[in-house]
Structures are given as structure tokens and as C-alpha cells.
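Worksheet for the structure shown next.
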Amino acid sequence: MPQAGLMMNRPLLISGILEHGAAQFGDQEIVSRETHGPLHRYNYADAAKRARQLANALAHMGLKVGSAVGSIAWNNHRHLEAYYAVSGSGMVMHTCNPRLHPQQLIYVINHAEDEVVLFDATFAPLVKGIAAHCPQVRAWVCLADAANTPTIEGVNVMNYEDLITGHSDSFDWPELDDQTGAALCYTSGTTGNPKGVLYTHRAIVLDATTACLPDVLGFSTQETVLPVVPMFHINAWCIPYAALVAGTKLVFPGPKLDGASLFELMEAEQVTISAGVPTIWMGLIQHAEQNNLRFSSMKRTCVGGSAMPMALIAKFMDNYGVEVRHGWGMTETTAVATMSNLSRADRLKPAAEQHAIVAKQGKTVSGIEIKIVDENGATLPRDGISQGELMVRGQWIVERYFKAEKTALVDGWFPTGDIATIDPHGTMQIRDRTKDVIKTGGEWISSIDLENAAVGHPAVAMAAVIGVKHPKWDERPLLFIVRKPGQSLEKQEILDFLTTKVAKWWVPDDVVFLESLPVGGTGKVQKNELRKDYGGVFS
């Protein structure tokens, strides 16, 4: 018989992260660019006091353990307080993606059974349009003071500062089972209604702690992190939790995510680490290039959400001396599951080889396992060549979707919908989404590889590729290009460029030039929109 261990059995709780941060790093700074007014500054200890006030205020409103509180908000200090107050109280923090179609937003608020919804003033028009369709919401709370809270016709709006004023900054956090639901996120970019993923306290604490490791995000008291990834997207990759675990200075960008605003904030606050999707970094680099600017403090940018083009990786690393770490995760994995990083030996290799390593999604972090399987579910070899659907399991991977009767797993593994390879060293590379990979004449074309090749052209700002039905070849690639400002680029020029970068049969059959690509709230290109408008049949 196994012998029982003799250690304390203490739950892993989000309230524990807050109290740890306040007790050990109470004077560490949190800087927040507000929707209104100048930057807001305070520290961990202040944030903890206000989170306890909010917890008391929600209890006073009659909310109980298990109640859901929604948010339609940017990355700012009040949103952070809600993260801890709601989940720490045993309630569920439901972060809503404001870029969802209003009907989908109504669906997720009702499906989650939100009783209170917190929102930034920016989204007042959105609230006006959906409030009447969300009958279970008993209060709409603007994340502002009275002076900056808008009046919304037909909606009883409260303001956050009045809500928490007068409540005690002491609160007895319940000692919950750490498998209790803590936060709820819904998938984006799916067909049909979004699906909810209900994270446990245990999953979030484990993921946040792992994120702090040197070869993951590398947080410590010596760093300053600016999470550009939205707090409504997989809990900002758990950075608002991880920062308090490690005592890292937090800088929130609020609603201003353009290159100029981000650069200004990074320089003013001496940000050393940032995290976001590739479209954000494209805008930042373009601003730096156009204005001949240099980063004085940035050491590392962490990228996820979609593949980062090799040309952009090269610019960050070679032109600006900023390390790029490429990760992979999804709503269903709580946040980070794999991360690319350069080993000591890798750093001695030529620059081009380093870029190629970083362009992959990397190795699993501790607590996560991956494999790839063929169409019959058989495990494929880790040879870096065989491609199959990526399967994942681990300490913070979804088991089933919120309110679903059936498990989401296949033989204990979660099927991600990504096509990937894994090499003999365990390094994983996403080749495409199962819905985005293009099958032409019985062979597969990676839309990601084609997009990355196109972005390598100096006149290309953004690129996207979809498969279009073809009477002979089943599908053929169609390329969409957004030119850089002031650049001229014609169809034949980009096709000729691609013939030097990819196999001849990969070269797209046509090119469509657009002013912009449809981008969702998480920064991903919405290919379903492109398919709807352009996914006919090639003649």
C-alpha cells in the first residue's frame, strides 16, 4: 500500500495570491492608463484594500458563492480589483469580449447567468443595446467615479467608486476547495455560439506560478510588465495573477493600444516585458521605424494568439535587441501551455537559425503534455516532419465546456483543432488550424507558412490566406494583402516574390488587396469573415 504523505493540505486560491502580493510586495507599483484622465498610480497594498471593499460591496448586494459577475472592460486597475474580489469571494469572474457580435454578447451574459456586469465607459453604447436583453443582470456598474459615469437611457447605472465607498477594507476570504470555479471565459471566432471554459482556482494558481519561471515569462521584482493581451482574453494570459505571485510592477494600457501610445507608456514606465498578439507588435514596430525610435528598457516580448511572422521576429531581435518568446495556448488551456526559448547553445547559432527556433511554439511547460495524432487517433512520431492534430492534457486544461453534459476529451486528451509537428527534442510547431489548412490535389498547404512568407516582403503590412474551392484541385489558396503606408505593390510582384519562398504549387491563384483585415477583439484575423465574402469557387 502507498504510504500517505504528512504535509498540510492547503487549497490553492486566488485570494491567496492577492494577500501574498499585498503582504510581501505591498509597495510594488501598479500603473494604469484610465479611460478618463491621467495615469492612475497606486500599489499592491492599496489594490488589495480596494478588492476587499469590492468583495464586501458585492456581498452587501446579496451576491453569494457561485454568483457570476461579468465585465466588459479594458486592462485597468479597477478591472484588476474585480479579478481578485469576485473570484476570491467564491464567485465567478466572467470576462466578456466586447468585440463579440452584440447577439453573442447577450448570449454569453445570459448563459453565464451574470448578476452584475462591470463595464468601462467606452462601452456605454454597447451596454445600452444589450441591457434590455439580459434580464438576470440586476446591476450595471461603470468602472469610474460619478463624474465619469455616463447616463444610459433605460439602464440603471451605478458607478464603481460609489459602490465600494464606505465598505470595510477587511474581508474574510472563504477557504474554498481549490477545484471551485473562479473565472469564466468564452471562446471567440467559433461558429455558432461561443463555448464557456470555467477555470478553477487551482488551474489559475498553477498556471500563474508556472508563468513566472525564468524560461516562461520570467517575472520577478526586478521586472515591469505591460500586458497588452486583453484581460477579457484568457485572463490576459494569467499575467494579472502571475505579477502578484512574483512581485512584478504592473502597467495597464487601458484602451490605447496603438503603436504610439504603447511606445510612450513603455518608455515612461520603463517596461521590461510585454505580451500580446502579433498584430499589436506590427503596429509598435511600424511606429518605431517610422519615427526612428529605440526601446530603452524593453528586454522581452511574449507572443501568442497566432503565429508571429519571421520577418517581425528578426526586426525585434536584430534591429531592436528585444528577445521574442513565442508561446501557444488557448481559452481551453487557461493560458500558457508551450513556450519557445533559446537555449545556451541556440544563442551561439546564426541569427536566421535563432529566428527559426523562436518562430516555433516551443516546449511544454511543466504540468502539460502534448502529442499529435492522425485522422484515426494514432499517435504520430516526434520527428519534426509528421503532421497531425495537436492533443493536450495537463493540470490546467479544460475537461468539458461550461454547462455541457459530455466531456470535451478524447481518451483523456483535449483535441485542440491545431495541426502541428513535434521534433525529437519536444519542440512543437503549429502548422495550421484544421479549418484553415488548405488541401489542394491531395496535398496540404499551410496558410500560416504562406502568410509568414508574404509578410517578409518589405511592402506588406499584413497578410492572410484562405482556401477557396476549386473544380480540379479541391482547394486553392487566395492571398489577402494590406500594403504598408506609402508602399506600392501589385499582384504579380508579390506572386513572383513568393515563388522564391515557397513551393511553386503553394503560390496563391489570386491576390486581393485590402485597406485592412477583419480583426477580432483578441487581435486574430477573422478568416471566417474573409471566407464569407471571398470563399466562392475559383474558375
Go through (1) farther than 21 Å from Ala203 by Cβ; (2) modelled with pLDDT of 95 or more; (3) among the hydroxyl-bearing types (Ser, Thr, Tyr) for Ser447 and report which single condition fails. (2)
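Of the residues that sit in segment 86-115 and are among the polar types (S, T, N, Q) and surrounded by 18 or more Cβ atoms within 10 Å (Cβ to Cβ), which one is modelled with the lowest pLDDT?
Going residue by residue through segment 86-115, those that are among the polar types (S, T, N, Q) are 87, 89, 95, 97, 103-104, 110.
From the residues that got through so far, the ones that are surrounded by 18 or more Cβ atoms within 10 Å (Cβ to Cβ) too are 87, 89, 95, 97, 104.
Numbers: Ser87: 98, Ser89: 98, Thr95: 98, Asn97: 91, Gln104: 88.
Result: Gln104.
Right, Thr427: surrounded by fewer than 20 Cβ atoms within 10 Å (Cβ to Cβ) and hydroxyl-bearing (Ser, Thr, Tyr) or not? Show your work before the answer.
Working: surrounded by fewer than 20 Cβ atoms within 10 Å (Cβ to Cβ): yes; hydroxyl-bearing (Ser, Thr, Tyr): yes.
Judged against the criteria, Thr427 is a match.
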Looking at segment 42-50, is at least one residue over 26 Å from the mean Cα position of the chain (by Cα), in a loop (DSSP other than H, G, I, E, B) and within 19 Å of Asn159 (Cβ to Cβ)? no
Can you find a residue in segment 480-491 that is modelled with pLDDT of 90 or more and over 23 Å from Trp281 (Cα atoms)? yes
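Given the residues Val455, Val468, Val525, Val482, which is the only one that is touching a Gly at 6+ places or on another chain (Cβ under 6 Å) and among the β-branched types (Val, Ile, Thr)?
Numbers: Val455 fails: touching a Gly at 6+ places or on another chain (Cβ under 6 Å); Val525 fails: touching a Gly at 6+ places or on another chain (Cβ under 6 Å); Val482 fails: touching a Gly at 6+ places or on another chain (Cβ under 6 Å).
Criteria check complete, one pass: Val468.
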Residues that are surrounded by 15 or more Cβ atoms within 10 Å (Cβ to Cβ) and assigned to a helix (DSSP H, G or I), drawn from segment 486-514: Ile494, Leu495, Phe497, Leu498, Trp506
Of the conditions (1) within 25 Å of the chain's Cα centre (by Cα); (2) at pLDDT 95 or above; (3) part of a loop (DSSP other than H, G, I, E, B); (4) buried (at least 19 other Cβ atoms within 10 Å of the Cβ), Pro194 clears all except one; give me its number. (2)
Answer with yes or no whether Leu217 is modelled with pLDDT of 95 or more and not charged (D, E, K, R). yes
Among the residues of segment 381-434, what is the count of those that are touching a residue at least 60 places away in the same chain (Cβ under 8 Å) and basic (Lys, Arg)? 1
I'd like to check something: does segment 517-538 contain any residue that is farther than 19 Å from Pro309 by Cα, exposed (fewer than 12 other Cβ atoms within 10 Å of the Cβ) and at pLDDT 90 or above? no
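It is to be established whether one or more residues within segment 339-358 are within 26 Å of the chain's Cα centre (by Cα) and either among the charged types (D, E, K, R) or in the same structural domain as Ile494 (by TED's automatic domain parsing) (or both).
Kept after step one, since they are within 26 Å of the chain's Cα centre (by Cα), are these residues of segment 339-358: 339-343, 354-358.
From the residues that got through so far, the ones that are either among the charged types (D, E, K, R) or in the same structural domain as Ile494 (by TED's automatic domain parsing) (or both) too are none.
Scanning segment 339-358 turns up no residue that is within 26 Å of the chain's Cα centre (by Cα) and either among the charged types (D, E, K, R) or in the same structural domain as Ile494 (by TED's automatic domain parsing) (or both).
Which residue, of Cys302, Cys238, is surrounded by 24 or more Cβ atoms within 10 Å (Cβ to Cβ), touching a residue at least 40 places away in the same chain (Cβ under 8 Å) and closer than 25 Å to Ala121 by Cα? Spell out how you get there, then give the answer.
Details: Cys302 fails: closer than 25 Å to Ala121 by Cα.
Exactly one residue qualifies, and that residue is Cys238.
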Consider Gly456 carefully, then state whether it is within 19 Å of Gly327 (Cβ to Cβ), small (Gly, Ala, Ser) and surrounded by fewer than 22 Cβ atoms within 10 Å (Cβ to Cβ). no
Checking Lys371 against (1) in contact with a strand residue (DSSP E or B) (Cβ under 8 Å, 6 or more places away or on another chain); (2) over 21 Å from Val303 (Cβ atoms); (3) part of a loop (DSSP other than H, G, I, E, B); (4) of a type outside the set (A, V, I, L, M, F, W, C): exactly one of these is not met. Which one? (3)
Which residue is nearest to Gly426 (Cα to Cα), if the candidates are limited to segment 337-364 and must be without any contact (Cβ under 8 Å) to a residue 60 or more places away in the chain and of a type in the set (D, E, K, R)? Asp346
Checked segment 230-250 for anything hydrophobic (A, V, I, L, M, F, W, C), outside any helix (DSSP H, G or I), farther than 13 Å from Glu269 by Cβ and at pLDDT 95 or above; matches are Met231, Cys238
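The values are calculated or read from the model by the stated rules, or taken from the named source; none is laboratory data. Predicted model, so just to flag it, every value in this text is computed and none were measured. Ideal geometry is used to build each Cβ from the backbone, glycine not excepted, and the neighbour counts take in all protein chains shown.
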